[in-house]
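Following: one structure in C-alpha cells, then a few remarks.
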Amino acid sequence: MEQARTPNRKLVVVDLENVLFGVHEQLVGADLQAQTELILDLAQARRLDDQLIVGCNPHLAFAAKAAFPRAQLLTRKGADGADRALIEHLDIAHVAARYRELCIVSGDHAFADLAHEARWNGLTTRVVAPHQGLSAALRLQADVAVRLPKPAGGWSDAAAA
C-alpha cells in the first residue's frame, strides 16, 4: 500500500562540499555549525518529519555527521563523488509518493535533471546554492532558488589556515 504524501514533508539533499565555498577541508567547529544552521534555515528544513540526506567525501564524514546529526549520510570518493552518490540514491517516484518538496542544497548543474524530474512528478523544487556558482540549468528547474551569503568577514582563522 502506498504511503500518502505528508502535506508539508520535505526531503533535503545536501552536496556538502559544494556549499562550503571550497574551504570544506578546513571548516570545523563554530564555522561549520553556523553554516549548517544557515543551510537549514534557507532550506526551510526545521520540522522533525523533514528528511535530510548529506553527500560528502568520506574524509568529511565525521564532520558532516556532527553538523547534521539526524541526516542520512552518503559518501563517495573522487571528483563529483558526493553528487553522484546523492543522485544515484534518489528514486524520484518514491520521493514524490512521500514528500511535497525536494530541496537541493547545491548549485551544481549535475542536479538539474533531478530537479526537472522532481517537478515533473509534482514536487515543489527548492534550491539553496552558494553565493557564487548556481548553474543556469539548475536555476531553470527550480521553483524557488536562494543563495547562501558569503560569510561576513570570511571564515575564522581555523578555516582560513
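Summary of computed values
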| quantity | calculated |
| --- | --- |
| Residue match in the stretch 57-69 (condition: at pLDDT 95 or above and closer than 21 Å to GLU17 by Cβ) | no |
| Single residue of GLU117, GLU88, GLU37 found to be under 13 Å from the mean Cα position of the chain (by Cα) and not hydroxyl-bearing (Ser, Thr, Tyr) | GLU37 |
| Residue within the stretch 30-43 that is touching a strand residue (DSSP E or B) at 6+ places or on another chain (Cβ under 9 Å), assigned to a loop (DSSP other than H, G, I, E, B), at pLDDT 85 or above and of a type outside the set (Asp, Glu) present | no |
| Qualifying residue in the stretch 109-116 (condition: closer than 16 Å to VAL19 by Cβ, in contact with a Ser or Thr (Cβ under 7 Å, 6 or more places away or on another chain) and of a type outside the set (A, V, I, L, M)) | yes |
| The stretch 97-124, residues that are in contact (Cβ under 8 Å) with a residue 60 or more places away in the chain, in contact with a helix residue (DSSP H, G or I) (Cβ under 7 Å, 6 or more places away or on another chain) and not aromatic (Phe, Trp, Tyr) | LEU102, CYS103, ILE104, VAL105, SER106, GLY107, ASP108 |
| Per-region count, the stretch 122-146, residues of a type outside the set (Val, Ile, Thr) and surrounded by 15 or more Cβ atoms within 10 Å (Cβ to Cβ) | 13 |
| Residues that are surrounded by fewer than 15 Cβ atoms within 10 Å (Cβ to Cβ) and either of a type in the set (Gly, Ala, Ser) or under 11 Å from VAL105 (Cβ atoms) (or both), drawn from the stretch 35-88 | ALA66, GLY78, ALA79 |
| Members of the stretch 97-109 found to be crowded, with 19+ Cβ neighbours inside 10 Å and closer than 13 Å to LYS10 by Cα, listed by number | TYR99, GLU101, LEU102, CYS103, ILE104, VAL105 |
| Residue match in the stretch 77-86 (condition: at pLDDT below 95, of a type in the set (A, V, I, L, M) and more than 16 Å from VAL19 (Cβ to Cβ)) | yes |
| Lone unmet requirement of (1) under 16 Å from LEU38 (Cα atoms); (2) out of contact with any Asp or Glu (no Cβ under 6 Å at 6 or more places or on another chain) for SER106 | (2) |
| Qualifying residue in the stretch 96-108 (condition: charged (D, E, K, R), assigned to a helix (DSSP H, G or I) and modelled with pLDDT under 90) | no |
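The values are calculated or read from the model by the stated rules, or taken from the named source; none is laboratory data. It should be emphasised that the depicted structure is a prediction, and the values quoted were computed from it without experimental measurement. Cβ: placed from backbone, ideal geometry, glycine included. Neighbour counts: every protein chain shown.
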